[in-house]
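For reference, the structure discussed in these notes is given below.
The values are calculated or read from the model by the stated rules, or taken from the named source; none is laboratory data. Owing to the predicted nature of the structure, the values given are computational and were not obtained by experimental measurement. Neighbour counts run over all protein chains shown; Cβ positions are idealised from the backbone, glycine included.
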Amino acid sequence: MKNIYRSYNEEDLLIAYLYMVDHTGTINNEMLEAINQKFNYNDFVKKADYRKLLIKEKGRISFEIHNRVQEGKDIDFIMENISSEIMDEEGLKVFILEKFSQFSKVKENNKIDKKTVYKCLLGIVIASVIGTLILDAVILFTAHFSFFLLVPVYIINYFVIRIITGKTRDNLIVFLAVLISVIVSTVLSLVYIM
């Protein structure tokens, strides 16, 4: 029987090793043979243990950054107050900047304010008109109404509202605006046809 682990590169072998150890507590003979053939076993295990520690450390740091972003702290405050004994200073700085940017964008996207509400109302009107025109055209062309036609209307209305608001459907108001615009488009199309 062929040993599949022999064809693995170091990265794939590390991932497979960590997965197997996490789920079974030990590794099989084929993996042990492949590790011994390509690497020093003790060095490989140290590298795998370091990787596991690094993953946990990044999780801890991400959690701290997320909490501080939710509290409204700025990047300078976060940089000064988060440290790591596992990550090097430059790697930590890059990681903090990356996570701060990611969490700040999510927070901004989920924020509901008057500007978002007004833009959503405008988006409902424009998306409903566009959705109605598209749905009418498809119904007239096919001479048939189907609820499956609402999927492209939803997609088109979503993109119209997303362009107007600059926010994704993860924002509750944007999601509701898209839903309302699809309902309005459907009702107007059905009234027009009947």
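Return the residues of the range 32-60 that are closer than 20 Å to Glu98 by Cα and among the hydrophobic types (A, V, I, L, M, F, W, C); say none if nothing qualifies.
Hits for the range 32-60 are Leu53, Leu54, Ile55.
Only one of (1) in a loop (DSSP other than H, G, I, E, B); (2) surrounded by fewer than 18 Cβ atoms within 10 Å (Cβ to Cβ) is not met by Phe159, so which one is it?
Every condition holds for Phe159 apart from (1).
If a residue has to be more than 21 Å from Asp12 (Cα to Cα), within 22 Å of the chain's Cα centre (by Cα) and exposed (fewer than 14 other Cβ atoms within 10 Å of the Cβ) to count, how many in the range 44-81 make the cut?
Of the residues in that region, 7 qualify.
Look through Phe77, Phe100, Phe95 and report the one residue that is closer than 30 Å to Ile27 by Cβ and not assigned by TED's automatic domain parsing to the domain that holds Tyr154.
Unique residue meeting the criteria: Phe95.
Find all pairs meeting these conditions: Cβ atoms under 7 angstrom apart; at least six residues apart or on different chains; first residue within the range 158-171 and without any contact (Cβ under 8 Å) to a residue 60 or more places away in the chain; second residue part of a loop (DSSP other than H, G, I, E, B).
Pairs found: Tyr158/Arg169; Arg162/Thr168.
When the residues of the range 162-194 are narrowed to those that are among the β-branched types (Val, Ile, Thr) and surrounded by fewer than 13 Cβ atoms within 10 Å (Cβ to Cβ), which ends up farthest from Thr116 (Cα to Cα)?
Initially, the range 162-194 is screened for residues among the β-branched types (Val, Ile, Thr), giving 163-165, 168, 173-174, 178, 180, 182-184, 186-187, 191, 193.
Then keep just the ones that are surrounded by fewer than 13 Cβ atoms within 10 Å (Cβ to Cβ); that gives 163, 187, 191, 193.
On the way: Ile163: 12, Val187: 25, Val191: 30, Ile193: 33 Å.
Ranking the candidates gives Ile193 first.
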